[in-house]
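Here is the structure we will look at.
The values are calculated or read from the model by the stated rules, or taken from the named source; none is laboratory data. None of the values given here were measured: they were computed from a predicted structure. Glycine also receives a Cβ, built like all others from the backbone with ideal geometry; neighbour counts cover every protein chain displayed. Remember, those area values only see protein heavy atoms, side chains included, never the ligands or the DNA or RNA. Shrake-Rupley method; radii C 1.70, N 1.55, O 1.52, S 1.80 Å.
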Amino acid sequence: MKLATLRDGTRDGRLVVVSADLERYTPAGTVAGTMQAALDDWATIEPGLKKISEELGLGMIAGEPFDPAQCMAPLPRAYQWADGSAYVNHVELVRKARNAEMPETFWTDPLMYQGGSDSFIGPRDPVLVADEAYGIDMEAEIAVIVDDVPMGATPDVAAGKIRLIMLVNDVSLRNLIPGELAKGFGFFHAKPSTAFSPVAVTPDELGEAWDGRKVSLPLLTSLNGELFGNPRADLDMTFDFATLIAHAAKTRPLCAGSIVGSGTVSNKLGDGPGKPVSDGGAGYSCVAEIRMVETINDGAPKTDFLKFGDRVRIEMNDAAGHSIFGAIDQEIAKYSASGGN
């Protein structure tokens, strides 16, 4: 089942059910008007949504053309957005870029930050930033939306609470990160609004590519029309989603509709940090990684962070090459308080 939220002039939008081929949709309002309403009572609501999905797939409901440009984030605002760093290779590279040591505990205890969840942006909305000097970067990730998770839940319990899966562009402002972290209190300015894929899907939509804890498919990131990275999401994932959710719930319960992210998907190459796609590697899901690799190999980075006018595309295809979540496809644009962009 694939679900999306379309703009309707309200903060939370209108929940719709989308066909498996992402071509058609039909409103879910007879069952649940918004995504959060569905998540608040998932056990009761899910059967009705599945029935609509089945009827749409069988042609019993004609549906209307699905346009990702009309989508808000599947969950336009959430009670919680907790983003982990499941791919420790990424953490290691980025910390090296900041000349920061990486404690050994990072391999056994997940990193996680609590991001802003009140202003998510849609999959085709521009990424608005005031100044290129902030060091604009994309971060291609996977996220799950959970049902209520009790405090102290084990990974096995946490795995059973995953309700929906989606893709993420966790925008980062790299040049603001060192100064913020130096204060010893975490990110704030360096993590602006996050974008999500057009649709969120139930785990069964992934078939054999979902083992209950990881997605075993490549995550494709393109920059200005050229493939930038296609790392596999299951490889080098030190902490799976069950572990990340349990970590988030260690000292607090998570309410239905909480979002937990994987962190930037990142693959190693043997003992090395990976290679660009152009050199036969899996490439990267963010600019910071290639800059670090350039520093390791050449003594200094040569790839710039993102500029105004650049376009980022993030997508995942099934084994047959069909898009699963639809694409995040965004332009980096200058923010103006007076004009909006």
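Brief remarks on what is shown
- Highest-MSF residue in the chain out of Leu75, Leu176, Leu167 [GNM, Cα springs under 10 Å]: Leu176
- Phi angles of the range 235-243 translate, via the Karplus equation with coefficients 6.51, -1.76, 1.60 and θ = phi - 60°, into HN-Hα couplings of 6, 6, 8, 4, 10, 6, 5, 4, 5 Hz per residue; Gly and Pro are given as x.
- Taking all protein chains into account, the per residue accessible area for the chain stands at 43 Å² (1.4 Å probe).
- Cβ-defined net charge surrounding Asp329, 13 Å radius [Lys, Arg +1; Asp, Glu -1]: -2
- Summing Lys and Arg as +1 and Asp and Glu as -1 over all other residues whose Cβ lies under 14 Å from the Cβ of Cys255 gives a net charge of 0.
- Rounded to whole numbers, the Karplus 3J(HN,Hα) couplings from phi for the range 255-268 are 7, 4, x, 5, 10, 10, x, 7, x, 4, 5, 8, 10, 8 Hz, using 6.51 cos²θ - 1.76 cosθ + 1.60 with θ = phi - 60°, and x at Gly and Pro.
- 5 angstrom amide H check on Gly229, placed H, neighbours 5+ away: Thr221, Tyr284
- Spatially, the range 205-236 and the range 267-324 are offset by 13 Å when compared through their Cα centroids.
- Computed over the range 153-219: relative contact order in percent, which uses C-alpha pairs under 8 Å that are six or more apart: 35
- Each listed q (0.12, 0.14, 0.22 Å⁻¹) maps to a log10 I(q)/I(0) for the range 132-256 from the Debye sum over equal C-alpha point scatterers, namely -0.56, -0.76, -1.31.
- Gyration tensor (alpha-carbon) shape descriptor, the range 301-341, a/c threshold 1.5: oblate
- Table column - 3J(HN,Hα) (Hz), the range 44-53, Karplus curve with 6.51, -1.76, 1.60, x for Gly and Pro: 7, 7, 3, x, x, 5, 5, 5, 4, 4
- Measuring gaps between exposed loop sites in the chain (trypsin sites (Lys or Arg not before Pro); DSSP loop; at most 12 other Cβ atoms within 10 Å), the longest gap, sites not included, is 12-182.
- The range 106-146 shape via C-alpha gyration tensor axes, a/c threshold 1.5: oblate
- Between the helical axis of 88-97 and the longest alpha-carbon principal axis of the chain there is an angle of about 40 degrees.
- Counted by Cβ distance under 11 Å from Glu205, the other residues give a net charge of -1, where Lys and Arg count +1 and Asp and Glu count -1.
- For Asp8, the amide hydrogen comes within under 5 Å of the amide hydrogens of Gly13, Arg14, counting only partners 5 or more places away or on other chains and with H modelled in the peptide plane.
- The C-alpha atoms of the chain define a longest principal axis, and helix 287-298 lies at about 30 degrees to it.
- Here the sum of -39500 (n - 2.57) over DSSP H runs of 4 or more residues, divided by the residues of the chain, equals -5000 deg cm²/dmol at 222 nm, to the nearest 500.
- Within the accessible surface of the range 99-140, defined with a 1.4 Å probe on protein heavy atoms only, the carbon and sulfur portion equals 48 percent.
- In plain terms, the chain is cut at each of the chymotrypsin sites (Phe, Trp or Tyr not before Pro) found in a DSSP loop with at most 13 other Cβ atoms within 10 Å, and the longest leftover piece is 1-184.
- Once exposed loop GluC sites (Glu not before Pro) are cut out (DSSP; at most 14 other Cβ, 10 Å), longest piece of the chain: 102-341
- Förster-model FRET efficiency, 35 Å R0, Glu54 and Ser119, C-beta, rounded to 0.05: 0.50
- Based on C-alpha pairs under 8 angstrom that are at least 6 apart in sequence, the range 1-119 has a relative contact order of 25 percent.
- Tensor-based shape of the chain (alpha-carbon gyration tensor, a/c under 1.5 rounded, otherwise prolate or oblate): prolate
- Stretching Thr105 away from Glu226 to a fully extended chain increases their span by 39.9 nm, per 0.36 nm per residue minus the current alpha-carbon distance.
- Taking amide H as placed 1.01 Å from N in the peptide plane, the amide H of Ala73 sits under 5 Å from that of Gly122, each at least 5 places away or on another chain.
- Using C-alpha pairs below 8 Å separated by at least 6 residues, the relative contact order for the chain is 22 percent.
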